[in-house]
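Notes follow the structure.
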Amino acid sequence: MSFGGMTALEAAYQLPEIKYAIALDPYFRPRWEEVLKDSNRFTLNKPYFIMNSELWHDNSCFTKDFPSWKAVCKFHKDSKKTGASWRFNTKLKNSDHINFMDLPMLFPLYFKHDGLIPKD
């Protein structure tokens, strides 16, 4: 599991000195129920940019037990209602969570062998 993206959103939510957030593939497991059930409970009234992988939310064993992508989209929709400017939620085609890490660059032969990054 990876909590970096969600940590960025949570920190921006809780700390007024943080003016904006950039989140890579946030894992909404800690907040998904309140996001889906209560529209105003967890929203961000600050600029943010969320970059999601296509395969993480739909096919990961870590996200199969809750509606991950639905939670991300609902968070974005509800946060847009707060009036903050500059909010983006994107999904990169054919990407997986591992594509947001430095490890494939550090160990390219290992990741090519496992099929996690394309072979030349």
Say whether the condition of being open to solvent by 30 Å² or more (accessible area, probe 1.4 Å), basic (Lys, Arg) and under 18 Å from Trp86 (Cβ atoms) is met by at least one residue in the range 11-20.
-> yes
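Does any residue of the range 14-21 turn out to be assigned to a helix (DSSP H, G or I) and modelled with pLDDT under 90?
Residues of the range 14-21 that are assigned to a helix (DSSP H, G or I), as a first pass: 14.
Going one step further and asking which of them are modelled with pLDDT under 90, we end up with none.
There is no residue in the range 14-21 that is assigned to a helix (DSSP H, G or I) and modelled with pLDDT under 90.
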Out of (1) within 22 Å of Leu92 (Cβ to Cβ); (2) open to solvent by 10 Å² or more (accessible area, probe 1.4 Å), the odd one out for Asp25 is which?
-> (2)
Does the range 79-87 contain at least one residue that is modelled with pLDDT of 90 or more, assigned to a helix (DSSP H, G or I) and surrounded by 13 or more Cβ atoms within 10 Å (Cβ to Cβ)?
-> yes
Qualifying residues in the range 22-49 (those that are of a type in the set (Ser, Thr, Tyr) and either assigned to a helix (DSSP H, G or I) or out of contact with any strand residue (DSSP E or B) (no Cβ under 9 Å at 6 or more places or on another chain) (or both)) - the one modelled with the highest pLDDT = Thr43
From the residues in the range 88-120 that are among the β-branched types (Val, Ile, Thr) and surrounded by 11 or more Cβ atoms within 10 Å (Cβ to Cβ), which one is modelled with the lowest pLDDT?
-> Ile117
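The values are calculated or read from the model by the stated rules, or taken from the named source; none is laboratory data. Because the structure is a prediction, the values reported are computed rather than measured. Cβ coordinates were reconstructed from backbone atoms using ideal geometry, including for glycine residues, and neighbour counts include every protein chain displayed. Note: accessible area is taken over every heavy atom of the protein model, side chains too, but ligands, DNA and RNA are not part of it. Shrake-Rupley method; radii C 1.70, N 1.55, O 1.52, S 1.80 Å.
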